[in-house]
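S.K.: Here's a structure for you.
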Amino acid sequence: MKNYSAIILAAGYSTRMGSFKPIINLAGKTPIQRCIELFKNCEISNIIVVTGYLNEHIKKELEDIKINSNDIKVVINDKYSEGMYSSITVGVEALSKETDAFFILPVDIPSVRECTVKKMMQSYEKIKGGILYPIFAKVKGHPTLVPYSLAQEILGSYPEGGLRELLNQHKKQWYCEIVTDRGILLDMDTKEDFNALLEHISVYPFPDLQECMEILRLCNVKHEAIEHMKSVAEFAKRVSIMLNEKGYNLNVNYIYSGALLHDVAKGAKNHAEQGAKIVEGFGYGCLMEIIHEHMKLKTEHEIGEKEIVYLCDKLIKGKTLVTLEERFYDAFARYEDISDITEKIYEKYLDAKIIKEKVENRLGRHLETLSKKI
């Protein structure tokens, strides 16, 4: 395996944000901590943090979070006022000579997923000296993975357009890694950006709506199936919120994203099993169980996240809320002469009926009435 390093750029003024971005509280962790943990968790040991403005504040933060100094090299860019490229050169100069390729990540892009970095490294093993960009919804993001062979060129030039201009001169070396991680695009230049980032992080480790839609797009899922999944997801979210108000502790994000992707392999043989493998391949193994069991539950009529998705899927026909009898009518009619299939259909119907009764008893109302305004 190649030897990877990472450069985290944290030398700027944070002017537009109004607060010093590297050490702002972002859902319990600072951006500098999140960026460092990202690379450490991907087993990258040569991590360089480039500081400049308020350097002592960053050093204090690293001490407070007890980052092992043997893993992190902090270098100061005395010319940080000249812009980001000056920080890049300081970071590159500090790289180990044993580096094969290095990631460059601005500290204000702190929600990149580990699966993205790991996927990039896995793909880079097959690339000879290329420049690798992560792509979400056809848009390039961060971090960029750069070959060490460009180090001297980076150090020996100062292009007006910064690193982008320099890398544009090497387009023949460009490669793209398609990911379903919107974090590669989310910075925090303004307070509005910061709030959007907070909302995105609040869903972790599950994919948010846009990430789910990108997965469905990449899998060429039909429009009708997507509309069904969106309807199931909205209904399941509503039911789970109501149950939580009655004392349950359901993870609404888990339910919502699981419902949005439960039919991602619709049309394939054993589509529930195949769907679970698909989401795992995109880096969302956390959704495997809920997708794998949306056709056949392994539990005994509990009221948990996967049971809610299972039930709500059975109550939504296309985009319409229906009764269980209406939902199962066609299946019973189609296979009425095939006893073993009819038996399996009845088992699914009975599972849904029992869960539905438990939910309704807790809510004190029939689920079919939720299509009406409360």
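S.K.: Starting from residues that are of a type in the set (D, E) and assigned to a loop (DSSP other than H, G, I, E, B), keep the ones in the stretch 289-322 and report whichever is surrounded by the fewest Cβ atoms within 10 Å (Cβ to Cβ). Before you say what the answer is, go through the steps one by one.
M.R.: Going residue by residue through the stretch 289-322, those that are of a type in the set (D, E) are 289, 293, 300, 302, 305, 307, 313.
Of the ones still in play, those that are also assigned to a loop (DSSP other than H, G, I, E, B) are 293, 300, 302.
On the way: E293: 20, E300: 7, E302: 11.
Selected residue: E300.
S.K.: With respect to R334, determine if the residue is open to solvent by 80 Å² or more (accessible area, probe 1.4 Å) and at pLDDT below 95. Reasoning before the result, please.
M.R.: Working: open to solvent by 80 Å² or more (accessible area, probe 1.4 Å): yes; at pLDDT below 95: yes.
Spelling it out, R334 is indeed open to solvent by 80 Å² or more (accessible area, probe 1.4 Å) and at pLDDT below 95.
S.K.: Within the stretch 98-129, which residues are in contact with a His (Cβ under 9 Å, 6 or more places away or on another chain) and assigned to a strand (DSSP E or B)?
M.R.: We begin by selecting, within the stretch 98-129, every residue in contact with a His (Cβ under 9 Å, 6 or more places away or on another chain); these are 103-106, 109, 111-112.
Residues satisfying the conditions are F103, I104, L105, P106.
S.K.: Sticking with this structure for a sec: Could you tell me which numbered condition L132 fails, if it satisfies all but one of (1) over 22 Å from E177 (Cβ atoms); (2) part of a strand (DSSP E or B)?
M.R.: Unmet for L132, out of (1) over 22 Å from E177 (Cβ atoms); (2) part of a strand (DSSP E or B): (1).
S.K.: Of these, L198, L209, L218, which one is within 21 Å of G318 (Cβ to Cβ), surrounded by fewer than 18 Cβ atoms within 10 Å (Cβ to Cβ), under 22 Å from the mean Cα position of the chain (by Cα) and in contact (Cβ under 8 Å) with a residue 24 or more places away in the chain?
M.R.: L209
S.K.: Within the stretch 95-105, is there a residue that is buried (at least 22 other Cβ atoms within 10 Å of the Cβ), of a type in the set (G, A, S) and touching a residue at least 60 places away in the same chain (Cβ under 8 Å)?
M.R.: Yes: the stretch 95-105 contains one or more residues that are buried (at least 22 other Cβ atoms within 10 Å of the Cβ), of a type in the set (G, A, S) and touching a residue at least 60 places away in the same chain (Cβ under 8 Å).
S.K.: Among residues belonging to the stretch 244-255 that are part of a helix (DSSP H, G or I) and open to solvent by 40 Å² or more (accessible area, probe 1.4 Å), point out the one that is nearest to E289 (Cα to Cα). Walk me through how you get there before you give the answer.
M.R.: Pass one, the stretch 244-255, residues part of a helix (DSSP H, G or I): 244-245, 252-255.
The next check asks that each one be open to solvent by 40 Å² or more (accessible area, probe 1.4 Å); those that pass are 244-245, 253.
Details: N244: 21, E245: 25, N253: 14 Å.
My answer is N253.
S.K.: Looking at I72, I36 in this structure, which one is buried (at least 16 other Cβ atoms within 10 Å of the Cβ), among the hydrophobic types (A, V, I, L, M, F, W, C), modelled with pLDDT of 95 or more and over 19 Å from L163 (Cα atoms)? Quick ask: steps written out before the conclusion?
M.R.: Values: I72 fails: modelled with pLDDT of 95 or more.
It is I36.
S.K.: Where residues in the stretch 1-23 are surrounded by 19 or more Cβ atoms within 10 Å (Cβ to Cβ) and β-branched (V, I, T), which of them is farthest from F194 (Cα to Cα)? Talk me through it step by step, then tell me what you get.
M.R.: Here is the first cut: in the stretch 1-23, the residues surrounded by 19 or more Cβ atoms within 10 Å (Cβ to Cβ) are 4-12, 14, 21-23.
Cutting the leftovers down to β-branched (V, I, T) gives us 7-8, 23.
On the way: I7: 22, I8: 19, I23: 13 Å.
Result: I7.
S.K.: Ok, one more. Please indicate, with yes or no, whether at least one residue in the stretch 305-312 is within 30 Å of I178 (Cα to Cα), among the aliphatic types (A, V, I, L, M) and modelled with pLDDT of 95 or more. Steps first, answer last, please.
M.R.: The initial filter retains those residues of the stretch 305-312 that are within 30 Å of I178 (Cα to Cα), namely 305-306, 309.
Checking the rest, the ones that are also among the aliphatic types (A, V, I, L, M) come to 309.
Then keep just the ones that are modelled with pLDDT of 95 or more; that gives 309.
Yes; the residues of the stretch 305-312 include at least one that is within 30 Å of I178 (Cα to Cα), among the aliphatic types (A, V, I, L, M) and modelled with pLDDT of 95 or more.
S.K.: Name the single residue, out of those in the stretch 51-69 being under 14 Å from F20 (Cα atoms) and of a type in the set (S, T, Y), that is modelled with the highest pLDDT. Give the steps one after another, and end with the answer.
M.R.: We begin by selecting, within the stretch 51-69, every residue under 14 Å from F20 (Cα atoms); these are 51-61.
Filter once more, keeping what is of a type in the set (S, T, Y): 51, 53.
Numbers: T51: 96, Y53: 92.
The extreme case among them is T51.
S.K.: Another question, then. Of everything in the stretch 340-373 that's in contact (Cβ under 8 Å) with a residue 40 or more places away in the chain and basic (K, R), which residue is farthest from L243 (Cα to Cα)?
M.R.: This residue is K348.
Rundown of residues vs (1) of a type in the set (S, T, Y); (2) in contact with a Leu (Cβ under 6 Å, 6 or more places away or on another chain); (3) farther than 30 Å from C286 by Cβ, yes/no style:
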residue	(1), (2), (3)
I44	no, no, no
N55	no, no, yes
I58	no, no, yes
D78	no, no, yes
I88	no, yes, yes
K118	no, no, no
S123	yes, no, no
P134	no, no, no
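S.K.: Could you figure out which of (1) part of a loop (DSSP other than H, G, I, E, B); (2) open to solvent by less than 10 Å² (accessible area, probe 1.4 Å) isn't true of K266?
M.R.: So K266 meets the others, but not (2).
The values are calculated or read from the model by the stated rules, or taken from the named source; none is laboratory data. As the structure is a computational prediction, the values presented were derived from the model and not from experiment. Reconstructed Cβ throughout: ideal geometry from the backbone, glycine too, with neighbour counts over all protein chains shown. Heavy atoms of the whole protein, side chains included, go into the accessibility calculation; ligands, DNA and RNA do not. Shrake-Rupley method; radii C 1.70, N 1.55, O 1.52, S 1.80 Å.
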